[in-house]
Structures are given as structure tokens and as C-alpha cells.
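Let me begin by presenting the structure, written as C-alpha cells, before commenting on it.
The values are calculated or read from the model by the stated rules, or taken from the named source; none is laboratory data. Everything numeric in this text was worked out from a predicted model, so none of it was measured. Cβ sites come from the backbone with ideal geometry, for glycine too, and all protein chains shown count toward neighbours. Only protein heavy atoms, including side chains, enter the accessible area calculation; ligands, DNA and RNA are left aside. Shrake-Rupley method; radii C 1.70, N 1.55, O 1.52, S 1.80 Å.
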Amino acid sequence: MADIIKLLPDHVANQIAAGEVVQRPASVVKELLENAIDAQATCVKLIVKDGGKALVQVVDDGVGMSHTDARLSFERHATSKIQTAEDLFQLHTKGFRGEALASIAAIAHVDMQTKTTDAEMGTLLKIEGSKVLLQEPTVTHKGTSISVKNLFFNIPARRNFLKSDQVELRHITDEFHRVALAHPSIEFHFYNNSNELFNLPQTKHRQRISNVFGSRMNQRLVPVSEETDVVTIMGFICKPEFAKKSRGEQYFFANDRFIKSPYLHHAVVAAFEGLIKPDRHPGYFLYFEVDPSTIDINIHPTKTEVKFEDEHTLYAILRSTVKHALGQFSVAPVLDFEHDPNLDTPYAYQDKMAILPKVTVDQSFNPFENQAGQGIFKTKTKTKTDTSGWEQMYQGLESMDSIEFSSVQFESSEHPEPDAYTDQEVLGQPSGITFQLHRKYIVSTIKSGMLLIDQHRAHQRVLFEKFLKDITVEQGVSQQLLFPLEIYFLKDDLNILMEIRQSLCNVGFAVEKLGDECIKVLGKPAILAENDIEVLLHQMIADYKMGTGQDDTSQAEFLARILSKNMAVKTGEVLQVESQLALVNDLFQCKEPALSPFKKLTYITIAENDIENKFA
């Protein structure tokens, strides 16, 4: 039998490795930013075009590379971070495997310019699909600039799987946040299509968090600090009242490296038990300092999943630390059985002196005198009542006994008997008789049996088709507000709102931007109550962040789903008979009445035979 096992060519091996390391433009951003930090940079610039598909460029002022190192850095497993296997357990850098640049160069056009501090000339290197096209001396500044263009140009199938520019930009922003939050001592700049998104100066952790997410985030933070022999924990948690339905601002950093740990996340959630609702998620920015020998960061290509040597002890320390912080800063409720809150002085009157009441009396006042000084009991002139024509009051009473009540017509009852609708029923269509069951279902009759409708899902379907039509046709009706609302958001949330602003205008919202963290709502959809505007917008942004089902639908359809989900009548709401009939009629006028926007049944039918079999 002939030999069948062969060594893969280098360019094929690099493309396979690229599939593990580079999943989307955000992966390139992560690797290049971490390389810049390992190069001891003090200022890092990130430049992106078309969601990273056309260009991802990272410029730093680090130590740079020599002519030979620049060429060798694009070879597989070429690294300056480790020399022996034992070095894997004493890692103090971001990258160490030497796969990132080789993988990126295999699937993109890469330009590198680099220069060391003591060199007179730098190096220019051009690579396309792992092939070195040019390497020559050039004039450049100290540090390194790497440009990655036309990502996945030689793998069309991978490029087709990339999402829209807005979605890819959001993933890039997430990676930028993770790196910037871990290194507040480094200055960062982020440009997208020539627009500056972030300008982060060198600062401390708390100020860096506020610079990234907005100044209002500073009011939500509670400091956390604990130092033990196992781990040193510092950072911030968000106050319980700012917990969200989406997993928003949740960051773990181990030795200045962003990590994901469901186990440690559970420890934080356990500390918040009783302070937030079960469907809410707390925000946190927690930094761990551990011995590098007690953590394994080489279990996943992205290095975000790590393994701690003693996770159980770390879990207990983290849970108690967060709980202590909540109690220390009076965030957690404290029971004092000897204190009577009814005796507390209101806050507005704590610094005021008591003022004795004063009563003034008019001694000259006489209640028995009017203004003219005459007594009120003076004699009044009586006027004679005219009693002529009194006989007309009794005309017609003599004929009362002859009235026939058969000629009197009575008003019909509000709801006709069921038999009155029998002739109007159409096979498969509901009759005009409905009632609500358990404040969740609407029950009606059809010719073949009984109809059971889920009111929440049915209203979702009705609103979904309405909003989808409004967004695509741009004919939504807006109700202007007499007093415009000013609503504050975090920077990321406001960027998402501006991203879908046009679609919101099409369904009836009128929104103006008032800065980096505030909007003014001038109008709303007619069916939305004014008190629900802020709650709806925050919930809509949370759902949009989670992106459930967004990958296979357009933005218009996805937004219509979110709006219909949040604006539909909820389970538990009481519906009047007129509302029930209107909902049933609107449902069966939809193009697809049987399914909700989330592909769930809106109604079921129970045949008459099934009912009869129950009594057999």
C-alpha cells in the first residue's frame, strides 16, 4: 500500500491556523493591539475602514523591530516571548505562540513599517497570501505600523460569512474596550472611516471606565478591593439598581488580560442575590493579580478562556469580596430593629430651626354685622308666588289606565346570545364571541370547534407586520410630545441608537442627539404610552446588543421583532371585549397569523370531535 500521509504546504498550514486565530476583523484587531502592548508602546492608534473588511491598521510607538526580525515575525511559531516549555508557566506578555502575524498574512494583504530607536532607517515589508512581495529600507517613525487590507481575499467563502459593517464594527469596538480597559496607563485612539470614535488619555482605572462608557458610568461604580495570598482583587461593581437584562458591562481581567469565566461570573451573581431580580445581570470591572504559575492561558487559541489552579478558593474570595463591598458602601440593605424611621426628620428640614406658630385675632370683628353695619337678621320682603295654571299639571292622568305596554320597545342586551352568530360563522374563522382565560388566552368559537389564542404572541404578530411595513415603506405615524423628553445613555448604547435611528423614525419616533450621552425625544408611535418611552428604548438596545436571530435577518426585520416584542400586550393584562375582538380580527388579517415573529404558535384549534371524546 502506498504512503498516503503527507506534510501540508506552509501556505495551507497557515490558512488552517488562520481559521483558528482569525475569525473576523475583530480577531485581527485583538492580535495587533496586543502586539503593540507587548512592544512597550505608550500610544496606540487603531484605524478601521468598512468594519475592518477593507482596512485594519494599528500604529504604535513601541520598541520596533530590526530588518531581520521584521521578516522573521511572519514565520509560524517565531516568537521572542518564550524559549523553553517552562516559560509557558511564567508568561507576562499577551502573545507567545507566534501564530498571529503568520495567520493574518496568509489571508490578507499586509503592509508593515517598523523601526527601532537606535536605527537610522526602518523596514518596509509587503506580504500577500503568505508571499513576500517587497522588503526594503524606508523612512518611518519609531515603532511599528501594520496595515491589514482585504481580509479573506483568497478565501471567498469565509468573506461571505462576514456580517454588515455595523455588526463587524461593534465586534471591533468590543475588542478595543477589552484592551483599553486592561491598560489605562496607555493612550489609545480609535478611528472609523476617518471619524474619531475614542480618544483615551493615560489615566487610572476608574477614569478609563468613565472615558469609555461615558461620564454617567462613574456614578454607578462601587470600588472593590481585597488582597490575599492567593489573589489580589481590585476593580468596580455597578450598583444593583443599574442591573440590566442584557450581559452588558461585565469584564474580568487576569494579569491585565481579558478573560471569560462563567464560574467566576456565578460568584459575582451570588453576591448580588436578593438585591437584583433573577432576570437581571450586574455590571462589573474586576482585575485579578495571580501568580502566573497558577494560571493556564494556553487552553484556547483566543486565550480568553483560562484555567486557574484553585478555582474553588478564588470563587469564595471573590464572592465575599463583592458582598463586603456592597455592604461597606451601604448598597446592600441593613436591618436595624431598634430604629424607628417614622421619627426621622425629613432631609429638607434637618438644618432648619423650629418656628413657633403665631395666631392673630381681629378683636373688632362682629359676625352679626354686615359691611354696612346692619344686623343680618333684618326683616326681608316676601314675594308672592304666582300659582295660576296649576290645573295643567294633572292633564292626561285620567288616561293612564289605557296604556298598552305591548307597543313599548326595550333596548336589546349588550351581548347577543350565541345562536345569533351561528349563521355568520365562516369555516375556520372566529365568531364574534370572545372571552379571556387566565388573562393570557382569548377563547372564541369557530364552525369546527373552539379557538384558543395567545394574546401576547398574537399581538406580536400584528405589531411585527405593521412595524415592518412602516420601516420599509417609511410611512409610520408619529405623535408629537408637548414636552420633549431628555434621556441619557452610555456611549455604546447611544451609538447603537444612532445606528438604528432611521428605522426608529420610520415607525414614529422623532429623535435628536444632544451630545455624546443624551438624546431628545420629540415624537413617539401613537400606540406607545409616554411613560414607556425610556423603558422601551433601553430594552430595545439591550435586545439589539444580544442580537438574537440577527444573523439571518435584515436590520428592518430584526428591529420590527424587537419593537413588537416590547410593545405587545403582556400576559396578565385584562382586555375588554372590544379589544379582544379587535385583536382577533387583526390577527387573521395578517399574512402569517399562525406564527409569532419568533416562530411560535399564536393559536390552536380544538375540534368539536375532540371535545365530544372527552365526554365519552
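Just a few scattered comments:
- If the condition is being under 35 Å from the mean Cα position of the chain (by Cα), basic (Lys, Arg) and open to solvent by 60 Å² or more (accessible area, probe 1.4 Å), then the range 431-484 contributes Arg439, Lys440, Arg457, Lys466, Lys469.
- The lone exception for Asn506 - which of (1) modelled with pLDDT of 85 or more; (2) of a type outside the set (Ser, Thr, Tyr); (3) assigned to a helix (DSSP H, G or I) it fails: (1)
- The residue that is surrounded by the most Cβ atoms within 10 Å (Cβ to Cβ), counting only those in the range 39-65 that are of a type in the set (D, E, K, R) and farther than 15 Å from Thr116 by Cβ, is Lys53.
- Members of the range 205-219 found to be basic (Lys, Arg) and modelled with pLDDT of 90 or more, listed by number: Arg206, Arg208
- Qualifying residues in the range 272-295 (those that are out of contact with any Phe, Trp or Tyr (no Cβ under 8 Å at 6 or more places or on another chain) and not in a loop (DSSP other than H, G, I, E, B)) - the one most open to solvent (accessible area, probe 1.4 Å): Glu273
- If you go through the range 164-215 and keep only what is among the polar types (S, T, N, Q) and either in a loop (DSSP other than H, G, I, E, B) or touching a Cys at 6+ places or on another chain (Cβ under 6 Å) (or both), you end up with Ser164, Ser185, Asn193, Ser194, Gln202, Thr203.
- Only listed residue being surrounded by fewer than 19 Cβ atoms within 10 Å (Cβ to Cβ), aliphatic (A, V, I, L, M) and over 29 Å from the mean Cα position of the chain (by Cα), chosen from Leu514, Leu575: Leu575
- Among residues of the range 82-110, those that are charged (D, E, K, R), modelled with pLDDT of 60 or more and open to solvent by 30 Å² or more (accessible area, probe 1.4 Å), counted: 1
- So Thr114, is it in a strand (DSSP E or B) and either at pLDDT below 75 or open to solvent by less than 30 Å² (accessible area, probe 1.4 Å) (or both): yes
- Pairs, first under 30 Å from Asp291 (Cβ atoms) and modelled with pLDDT under 90 in the range 236-260, second surrounded by fewer than 17 Cβ atoms within 10 Å (Cβ to Cβ) and among the aliphatic types (A, V, I, L, M), C-beta under 8 Å, six or more apart: Arg247/Met546
- Any hit, the range 532-552, residues being surrounded by 14 or more Cβ atoms within 10 Å (Cβ to Cβ), touching a strand residue (DSSP E or B) at 6+ places or on another chain (Cβ under 7 Å), of a type in the set (Gly, Ala, Ser) and over 29 Å from Val443 (Cα atoms): yes
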